[in-house]
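Written below as structure tokens is the structure these notes are about.
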Amino acid sequence: SFTLDMTLVPDFRQVQSDNRVLNLSPFEIRYDENRQFFTEGTELFSKGGLFYSRRIGGVPVNYNEPYNELNTGEYVKTDPSTTQLINATKFSGRTSGNLGIGIFNATSVASYAVISDSMGNTRKVMTQPLTNYNEIVLDQALKNNSYVSLVNTNVTREGKTYDANVTGTEFKFANKKNRYAFNGNAALTQLFYADSSKPVLGYLYYLNAGKISGNFQYNLNATVKSDKYDPNDLGISFINNTIEFYANVYYNIYKPFWKVNNLYTNI
């Protein structure tokens, strides 16, 4: 039960465009994916929360750099906000042993901005080199709605522009009656710069444990993101350098009683 999808020099001009958003916050806007190739059969690739498909063919990594290289009398004539894909391939499915396998690869061509002056002279500035995107997912389904996944994403750029690699895991273990569960995820990010012999390392982990069924439920969870955690080359994260701890208690009544259809409470 495996599916192979491939596209060569895709043209997404007919795809619904994004709504214009005036963003006054310090965080980027997360846009929905409207390109059909990236919306069909992508459930496996979302494991671990490390894959944001809008990075592929999206804004060049050095989109604002041309404005820093202007000489006197020059201006930026064109600066494309997207990159052109050469190809993309995805291979996904499950074995008879309930092992999900997903492999994704895409390549985009180099992108250039054009700088001009009052005399009509022009020059090009590269905003993104030839770039290759990869993701590999292994997801083993277990008994009692449990599972364990391993995810790796990689972005490799030609030349001296940095490369990025992220390795993560996601898991859930529940007891036989699906009453108690322990779940979480973790990730290690690596950024490789040409002028450094060591990658910049960052990490994330999230752990949650508690009672997940019945009228009375509770859970404890903790999330830690280091100050260097950065999955944004092929994923999306709005903030890092945080430590969060939560304790939640719920009491819910699902069936109608007296004049009430249902009741949900939590602290």
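The values are calculated or read from the model by the stated rules, or taken from the named source; none is laboratory data. These figures come from a predicted structure and were not determined experimentally. Neighbour counts are summed over all protein chains in view; Cβ atoms, including those assigned to glycine, are modelled from backbone coordinates with ideal geometry. The protein model used for the area step is the full one, side chains on, heavy atoms only, and it has no ligands, DNA or RNA in it. Shrake-Rupley method; radii C 1.70, N 1.55, O 1.52, S 1.80 Å.
Backbone phi angles across the stretch 44-57, fed through the Karplus curve with coefficients 6.51, -1.76 and 1.60 (θ = phi - 60°), yield HN-Hα couplings of 4, 6, 8, 4, x, x, 10, 10, 10, 5, 5, 5, 7, x Hz in residue order; Gly and Pro are listed as x. Rolling a 1.4 angstrom probe over the chain with all protein chains present gives an accessible area of which 54% lies on carbon and sulfur atoms. Could you tell me whether the stretch 1-87 comes out rounded, prolate or oblate from its Cα gyration tensor? Rule is a ≥ b ≥ c as square roots of the eigenvalues, rounded for a/c under 1.5, then prolate if a/b exceeds b/c, otherwise oblate. Prolate is the answer for the stretch 1-87, as a/c is 1.5 or above and a/b outweighs b/c. Here the chain is assigned +1 on the Cβ of each Lys and Arg and -1 on the Cβ of each Asp and Glu. Its dipole about the Cα centre then comes out at about 1340 debye.
Among residues other than ASN62 whose Cβ falls under 12 Å from its Cβ, what is the net charge (Lys/Arg +1, Asp/Glu -1)? Please report the intermediate quantities before stating the final value.
Values: positive: ARG157, LYS160; negative: GLU65, GLU69, ASP79.
Result for the neighbourhood of ASN62: -1.
Taking chymotrypsin sites (Phe, Trp or Tyr not before Pro) across the stretch 12-90, the ones in a DSSP loop with at most 10 further Cβ atoms lying within 10 angstrom of their Cβ are PHE27. What you get for the stretch 78-171, charging only the Cβ of Lys and Arg (+1) and of Asp and Glu (-1), is a dipole of about 140 debye around the Cα centre. Per-residue 3J(HN,Hα) values for the stretch 205-221, derived from phi via the Karplus relation 6.51 cos²θ - 1.76 cosθ + 1.60 with θ = phi - 60°, read 8, 9, 10, 9, 9, x, 9, 10, 9, x, 5, 9, 9, 7, 7, 10, 8 Hz in sequence order (x marks Gly and Pro). Classify the stretch 51-110 as rounded, prolate or oblate, taking a ≥ b ≥ c as the square roots of the eigenvalues of its Cα gyration tensor: rounded when a/c is under 1.5, otherwise prolate if a/b is larger than b/c and oblate if not. Prolate is the answer for the stretch 51-110, as a/c is 1.5 or above and a/b outweighs b/c.
Would you please put 2-10, 203-211 in order of how densely packed they are, using the mean number of other Cβ atoms within 10 angstrom per residue and starting with the highest?
203-211, 2-10
All other residues whose Cβ lies under 13 angstrom from that of TYR218 are scored, Lys and Arg at +1 and Asp and Glu at -1, for a net of +2.
For the stretch 195-236 and the stretch 123-189, compute the distance between their C-alpha centroids and round to whole Å. With the stretch 195-236 and the stretch 123-189 each reduced to a Cα centre, they are spaced 12 Å.
Per-residue Karplus couplings for the stretch 72-80, computed as 6.51 cos²θ - 1.76 cosθ + 1.60 with θ equal to phi - 60°, are listed in order as 4, x, 9, 8, 7, 7, 9, 8, x Hz, Gly and Pro entered as x.
In the context of the full set of protein chains, residues of the stretch 125-251 present 53 Å² of accessible surface per residue (probe radius 1.4 Å, heavy atoms only). With the charge dipole of the chain set up from +1 on Lys and Arg Cβ and -1 on Asp and Glu Cβ about the Cα centre, the Cα lying farthest toward the positive end among the listed residues ILE239, TYR203, ASN144 is that of ASN144.
Under 5 Å from the amide H of SER111 lie the amide H atoms of THR127, GLN128, each residue being 5 or more positions distant or on a separate chain, with H modelled from the backbone and absent for Pro and chain starts. Length gained on full extension, TYR67 to GLN140, computed as 0.36 nm times the residue gap minus the Cα-Cα distance: 21.5 nm. Please tell me which of these pairs span more than 28 angstrom C-alpha to C-alpha: LYS172/LYS198; LYS90/LYS228; LYS172/LYS225? From LYS172/LYS198; LYS90/LYS228; LYS172/LYS225, over 28 Å: LYS172/LYS198; LYS90/LYS228.
Taking amide H as placed 1.01 Å from N in the peptide plane, the amide H of GLY58 sits under 5 Å from that of THR83, each at least 5 places away or on another chain. The modelled label-to-label distance between GLU244 and ASN261, using points 7 Å beyond Cα along the C-beta direction, is 3.0 nm. Of the residues THR107, THR167, THR95, the one that moves most in a GNM of the chain with alpha-carbon contacts below 10 Å is THR95.
Under a Gaussian network description of the chain, with springs only between Cα atoms under 10 Å, the residue in ASP32, ASP195, ASP227 that fluctuates furthest is ASP195.
Placing a label point 7 Å from the Cα of TYR251 along the Cα-to-Cβ direction, the residues of the stretch 202-235 whose backbone N falls under 16 Å from that point are 214-219. Heavy atoms of the protein chains alone define the surface here; on that basis the stretch 10-114 has 61 Å² accessible area per residue at 1.4 Å probe size.
For the chain, the residue among ILE212, ASN23, LEU70 whose Cα projects farthest onto the positive side of the dipole built from Cβ charges is ILE212.
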